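Values quoted throughout were computed directly from the atomic coordinates according to the rules given, and no laboratory measurement underlies them. Quantities reported herein were computed from a predicted structural model and do not represent experimental measurements. Note that each Cβ is placed from the backbone with ideal geometry, even for glycine, and that neighbours are counted across all protein chains shown.
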Amino acid sequence: MQYTFPENFWWGTAASGPQTEGVFEGDNKGDSIWDYWYKESPELFFNQVGPEKTSVFYEKFQEDIQLMKETGHTTFRTSIQWSRLIPNGTGEVNQTAVNFYNEVIDELIANDIEPFINLYHFDMPMKMQEKGGWESRETVEAYVAFAKVCFELFGDRVKKWFTHNEPIVPVEGGYLYQFHYPAIVDMKKAVQVAFHEILASAKAINVYHEMNLGGEIGIILNLTPSYPRDENNPEDVKAAKAADAFFNRSFLDTAVKGEFPSDLVEILSEIDVLPIIEEGDLETIKENTVDLLGVNYYQPRRIKAKESTTKLAEGPMPDDFFDNYEMPGRKMNPYRGWEIYEKGVYDILKNLRENYGNIKCYISENGMGVEGEERYVNDQGIIEDDYRIEFVQDHLKYVHQAIQEGSNVRGYHMWTCMDNWSWTNAYKNRYGLIAVDLDNNHKRTIKKSGRWFNELAKNNGFEA
Ligand code: FCB
């Protein structure tokens, strides 16, 4: 069967500043929490590889953009690092960074690749973290000022903006499950952090719209459909709904509808962790919803009613309301430990169509991380990553089906272009269409999936 996508469908990949750029002599970059955390505790990072070198996009962006062209990109998402542009978080703008981002944006456009720019990808400037990071109201204002500087500097050419990538992740990583700095466990702070991110996003959207720059602004969310163990068991269903409220609807409802889900508010109030909200905040959130939604999809959640009595922490945790369910027979990515469930993307898109006004959206991340890909290198030195091609294709079939049924999906970005640095996992799992050899001057080699992606984009679809 032929799977053809709508005209002008966006084909590309997503990446982020902190995962690709690197840190160089004379670049005047300030530390983000990642630079700081790595210096403080390198042992937390796989093979002790830190963010300072990554895939050196800072030096190689011209070569990389040529490779994007060779692999069929019509769009590319990256992020502006706040700590590069404004090293102290507030105040002086780093001209070296302005030059760099201008060159990147111009080079993309000159190659007919539309830049999609995200403003926050887990990378709090350390100077702001010292003042509490997202726990503090001051950070909200500093972030909005940073966003405004970005719109002023680059908004003449960048027409697709995003306020956050996966804002739930800094909440989970930093304040619940300890995989981002500051790695504490505190549900009350977690909720305040989430609230400040939501408010910051709404305020940045407001600033962008008032500037009338003629583009669109949205948010990128990792949506994890929550499936109950047994749909006929009300306790399982209730648990799945709680997980959905915590991890999906918290950001989805506020971004698209400008409202907090009432069941979430009930739970948070029951456990006494409601955030501090100032006068006017709820109106700001109500009035400044997104134009466009990015959907990152990797895996679903399987949920059952709480059975275990072990508590993850002394204080309240989301996990007090559900247990994760290891569904027998589910398909797993053996390397990443994540379930592969292609239909999940269809369920997300159907939900957006039916319950979120069919908001304009695109798949902003989807992809497969694999450890030890070197073993798939053929005698021409090319990684034959058929598993990745199959992964993308199987998801795209469901995206196609959703579009046939009326979903408002405008594009697909795979995670990612070049193999890049994945936070504490560093280079453990590789996700790229293009391999990066860390031991050989960061040499790039297009994988089999990169050639395939080029055909996919050129044909605006595939046959399978
Ligand atoms: C997503 C993140 C991205 C990358 C992929 C593998 O959750 O948005 O930065 O690390 O996972």
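Within region 294-328, find all residues whose amide N lies under 18 Å from a label point positioned 7 Å from the Cα of residue 185 along Cα-to-beta-carbon.
307-324
What ranking of 21, 141, 374 emerges when the number of other C-beta atoms within 10 Å of each C-beta is taken as an exposure proxy, fewest first?
374, 141, 21
Search the structure for amide H atoms under 5 Å from the amide H of residue 114, placed 1.01 Å from N in the peptide plane, and list their residues when 5 or more places away or on another chain.
Hits under the 5 Å cutoff: 75, 76.
Sorted from largest down, what three extents in whole angstroms do the Cα atoms of region 153-266 have along their principal axes?
53, 33, 22
Roughly how far apart, in whole Å, are the Cα centres of region 186-211 and region 430-464?
35
In angstroms, what radius of gyration and Dmax does region 378-450 have, counting Cα atoms only?
For region 378-450, the Cα radius of gyration and maximum Cα-Cα distance read 15.0, 48 Å.
Taking θ = phi - 60°, what integer Hz values does the Karplus form 6.51 cos²θ - 1.76 cosθ + 1.60 yield along region 320-332, in sequence order, with x for Gly and Pro?
In residue order, the calculated couplings are 6, 9, 6, 10, 6, 10, 8, 4, x, x, 5, 7, 10 Hz.
Name the long-range amide H neighbours of residue 10: under 5 Å, sequence gap of 5 or more, or other chain; modelled H, no Pro or chain starts.
411, 412
Suppose we keep just the DSSP beta bridges with both residues in the chain; what percent of those would be antiparallel, to 5?
Antiparallel: roughly 30 percent of the beta bridges in the chain.
Mind listing the long-range amide H neighbours of residue 216? Cut-off is under 5 Å, sequence gap 5 or more, other chains count too, H placed in the peptide plane at 1.01 Å from N.
160, 161
Residue 262 to residue 291: FRET efficiency via 1/(1 + (r/R0)^6), r the Cβ-Cβ distance, R0 35 Å, to the nearest 0.05?
0.90
What's the long-distance tail for the chain, i.e. % of Cα pairs beyond 34 Å?
30
Normalised by the number of residues in the chain, what is the relative contact order in percent for Cα pairs under 8 Å and 6+ residues apart?
19
Using a 7 Å offset from the Cα along the Cα-to-Cβ direction at both residue 404 and residue 156, what is the distance between the two label points in nm, to one decimal?
4.6
How would you rank 163, 284, going from fewest to most other Cβ atoms within 10 Å of each one's own Cβ?
284, 163
What full-extension length gain, to one decimal in nm, is calculated for residue 69 and residue 358 as 0.36 nm per residue of separation minus the Cα-Cα distance?
Roughly 100.9 nm would be gained on extension.
Sum -39500 (n - 2.57) across every DSSP H segment of at least 4 residues in the chain, then divide by the residue count to get the 222 nm mean residue ellipticity, nearest 500.
Roughly -11500 deg cm²/dmol at 222 nm, from the helical runs in the chain.
Of the GluC sites (Glu not before Pro) in region 233-280, which ones lie in a loop per DSSP and count no more than 16 other C-beta atoms within 10 Å?
Those satisfying the criteria are 259, 278, 279.
At 10 °C and a viscosity of 1.306 mPa s, what translational diffusion coefficient does Stokes-Einstein give for region 128-170, taking Rh as the Kirkwood radius over Cα pairs? Give it in µm²/s as a whole number.
D = 135 µm²/s.
Using the Karplus curve 6.51 cos²θ - 1.76 cosθ + 1.60 with θ = phi - 60°, what ³J(HN,Hα) values do you get for each residue of region 297-310, in whole Hz, with x for Gly and Pro?
Running phi through 6.51 cos²θ - 1.76 cosθ + 1.60 with θ = phi - 60° gives 10, 10, 7, x, 10, 9, 10, 10, 4, 4, 10, 5, 9, 5 Hz.
For region 1-100, what log10 I(q)/I(0) values come out of the Debye formula at q = 0.22 1/Å, with one point per alpha carbon and no solvent?
Per q value, in the given order, log10 I(q)/I(0) is -1.17.
For the residues 449, 422, 269, 41, what sequence is obtained by ranking on other C-beta atoms within 10 Å, fewest first?
269, 41, 422, 449
If eta is 0.692 mPa s and T is 37 °C, what Stokes-Einstein diffusion coefficient results for region 61-176, Kirkwood Rh from Cα pairs, in µm²/s?
My calculation gives 218 µm²/s for D.
Give me a comma-separated list of calculated 3J(HN,Hα) values for region 165-176, in order, Karplus coefficients 6.51, -1.76, 1.60 applied at θ = phi - 60°, integers in Hz, x for any Gly or Pro.
Working through the residues one at a time gives 9, 6, x, 6, 5, x, 5, 5, x, x, 10, 10 Hz.
Would you kindly calculate the translational diffusion coefficient of region 1-54, applying Stokes-Einstein with the Kirkwood radius from alpha carbon pairs, for 25 °C and a viscosity of 0.890 mPa s, and quote it in µm² s⁻¹ without decimals?
For the chosen part, D equals 175 µm²/s.
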